[in-house]
1. Within the bounds of segment 128-139, is there any residue that is in contact with a Pro (Cβ under 6 Å, 6 or more places away or on another chain) and within 27 Å of TYR62 (Cβ to Cβ)?
2. Taking segment 232-251, which residues are part of a loop (DSSP other than H, G, I, E, B) and touching an Asp or Glu at 6+ places or on another chain (Cβ under 7 Å)?
3. From (1) among the hydroxyl-bearing types (Ser, Thr, Tyr); (2) closer than 17 Å to ASP202 by Cβ; (3) exposed (fewer than 15 other Cβ atoms within 10 Å of the Cβ), pick out the condition that doesn't hold for THR120.
4. With ALA139, ALA124 as the choices, which residue is assigned to a loop (DSSP other than H, G, I, E, B), among the small types (Gly, Ala, Ser) and without any contact (Cβ under 8 Å) to a residue 60 or more places away in the chain?
5. Out of the residues in segment 69-80 that are of a type in the set (Gly, Ala, Ser) and surrounded by 23 or more Cβ atoms within 10 Å (Cβ to Cβ), which is nearest to VAL9 (Cα to Cα)?
6. Using the structure shown, decide if LEU14 is within 25 Å of PHE201 (Cβ to Cβ), buried (at least 19 other Cβ atoms within 10 Å of the Cβ), in contact (Cβ under 8 Å) with a residue 60 or more places away in the chain and in contact with a helix residue (DSSP H, G or I) (Cβ under 9 Å, 6 or more places away or on another chain).
7. From the list GLY248, GLY226, which one is within 25 Å of LEU149 (Cα to Cα), surrounded by fewer than 19 Cβ atoms within 10 Å (Cβ to Cβ) and not aromatic (Phe, Trp, Tyr)?
8. Going through GLU143, GLU130, GLU118 one at a time, which residue ends up being under 18 Å from ARG97 (Cβ atoms) and touching a His at 6+ places or on another chain (Cβ under 6 Å)?
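The values are calculated or read from the model by the stated rules, or taken from the named source; none is laboratory data. Quick caveat: nothing in here was measured; it's all calculated off a predicted structure. Every residue, glycine as well, gets a Cβ built from its backbone with ideal geometry; the counts of neighbours run over all protein chains shown.
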Amino acid sequence: MLRRGITYVHEHVLYDASRYSHQREPLYAFEKSVRELRQLYQWGVRNLIDLTPLEFGRNLAYLEAISLASGIRVIPSIGFSQPSEYHNWQEEDFAKRMSRELRESTQGTQIKARVIGEITIAGAQLTDFERSVLGAAVAVSLEKGTPVLCHVNDRRVVRELLTFLQSRKMNFSRCALVGLHFEYDPQWIISLLHTGVFVQFDVVRGDDTPNYMQVIHMLHDIAKAGRQEQVLISMHLQSESQLKESGGVGYGYLLQEFAGRLESNFRVGGKYVEMMLVYNPWRLFKAPK
């Protein structure tokens, strides 16, 4: 599924949550995005996983056009976030939709979903909607070997989430918790890694505040515990103002700034960054045997 090279595992090339929240402006800037992604290609990026849920504007034709124009393989996903859009849907309904999206190209494109996610876990406890989506995701993943990526917004739900997934026999080597931005607590993160699940950190917070020192210290402690093979990092941009041409940090911040800071602080930058951006994504997204 992945081309040889760097993979950004948690991005949103096209994103609009304005129907559901008072977020800043959407991310819908084709030319700006293409120029930034072309630069990433020059720096060795070959894959970008787009985890935009259906409700937030996922558009396969747009993703295909971005991919063709930039040279980077933009990989679509199939995920759900807003229960208000799915009245009366049962677990089997979500499973059927996931299976169809993974099986068939749609919207007149040649691409299809390769990942289940992001599945948004919004609060401190799992809702019936989230349990239905998660149950469907596990069933489809076990059948097809497809990775499942869950975006957790509240630390308090994580244990319940993992217990539920385990009760459904989820293969944790095919599962990632993405967008982690909790307070610095390496021992808690390491305890999650002991279950076999992957974790992904955002280098920049949603308000554009660099998150690098917290993440760097976390990565250092994870490496000391010998769990660095389960760690992923990405930018997680989701609005036009975050693009470089719009005055934001841009996609390149991860490679231009973060990698250097990691190396200068702990002298492990090169190998560790390569592991998180090249080898660990391959472990998660590799085709099942």
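1. Yes, the conditions are met somewhere in segment 128-139.
2. MET235, HIS236, LEU237, SER239, LEU243, GLY248, VAL249, GLY250, TYR251
3. (3)
4. When all the criteria are applied, what remains is ALA124.
5. By that ranking, first place goes to SER77.
6. Details: within 25 Å of PHE201 (Cβ to Cβ): yes; buried (at least 19 other Cβ atoms within 10 Å of the Cβ): yes; in contact (Cβ under 8 Å) with a residue 60 or more places away in the chain: no; in contact with a helix residue (DSSP H, G or I) (Cβ under 9 Å, 6 or more places away or on another chain): yes.
No; evaluated as a whole, the condition is false for this residue.
7. Sole residue among the options that is within 25 Å of LEU149 (Cα to Cα), surrounded by fewer than 19 Cβ atoms within 10 Å (Cβ to Cβ) and not aromatic (Phe, Trp, Tyr): GLY226.
8. GLU118
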